[in-house]
Amino acid sequence: SRDMTARALGLPAGPWWVGVAGVAVIAVGGWFVVRAVRMTHREHLRADVSRGARRLVDVLAVGGGAARGLVFATVGIFVIRAAVRFDPDEAKGLDEALRSLAEAPAGPWLLTVVAAGLTLFGGFAIAMARCRRM
């Protein structure tokens, strides 16, 4: 992410392009959260899925989708910081964004919540593979 950001910052209007990319990543994260909360996955479930299974898929979808969106938004914030500060080292990938969260005062708790949310998203992906209408 640093190499791409450094190259992009070197282009004419580079900081603007990097900033737009950061906003786009945040928008994608927001889109994931909105889809999770609106439970758009329901329209893809098979009709024969039990009520209990539907509830489980709903919990997995909302928790996992929200966590996934927040992780994307965090990465987008770091990309925007790189554009504003004109510093490619400020751009961070997913691993470095999570490390930055760990360094925050409530870091271990934040990482626990993110890990639980991403685990929920993994469970949602498995549940949809099993319950999705084809």
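The values are calculated or read from the model by the stated rules, or taken from the named source; none is laboratory data. As the structure is a computational prediction, the values presented were derived from the model and not from experiment. Note that each Cβ is placed from the backbone with ideal geometry, even for glycine, and that neighbours are counted across all protein chains shown. For the accessible areas, the whole protein counts, side chains as well, though only heavy atoms, and no ligand, DNA or RNA atoms are used. Shrake-Rupley method; radii C 1.70, N 1.55, O 1.52, S 1.80 Å.
Couple of notes before you dig in:
- Rg/Rh for the chain, where both radii come from Cα atoms and Rh is the Kirkwood radius: 1.10
- Residues with amide H under 5 Å from that of Leu45, placed H, sequence gap 5 or more: Arg133
- Sulfur and carbon atoms: percent of accessible area, segment 12-132 [1.4 Å]: 69 percent
- Cα centroids of segment 66-134 and segment 1-53: 11 Å apart.
- Placing unit charges on the Cβ atoms only, positive for Lys and Arg and negative for Asp and Glu, gives the chain a dipole magnitude near 780 debye about its Cα centre.
- The residue among Gly22, Ser50, Gly122 whose Cα reaches farthest toward the positive pole of the charge dipole of the chain, with charges on the beta-carbon of Lys, Arg, Asp and Glu, is Ser50.
- If R0 equals 35 Å, the separation of the Cβ atoms of Leu94 and Arg51 corresponds to a calculated FRET efficiency of about 0.50.
- Calculated [θ] (222 nm, deg cm²/dmol) that DSSP helices of n ≥ 4 give over the chain, each run adding -39,500 (n - 2.57): -26500 deg cm²/dmol
- Placing pseudo-labels 7 Å out from each Cα toward the beta carbon at Arg132 and Ala6 gives an inter-label distance of 3.9 nm.
- A crude spin-label estimate for the pair Leu111 and Arg81, with each label 7 Å from Cα along the Cβ direction, gives 1.6 nm.
- In the elastic network of the chain, a GNM with C-alpha springs shorter than 10 Å, the most mobile of Ala61, Ala91, Ala53 is Ala53.
- Shown in residue order for segment 47-57 are the 3J(HN,Hα) couplings computed by the Karplus curve 6.51 cos²θ - 1.76 cosθ + 1.60 at θ = phi - 60°: 5, 8, 6, 5, 4, x, 5, 4, 4, 4, 5 Hz (x for Gly and Pro).
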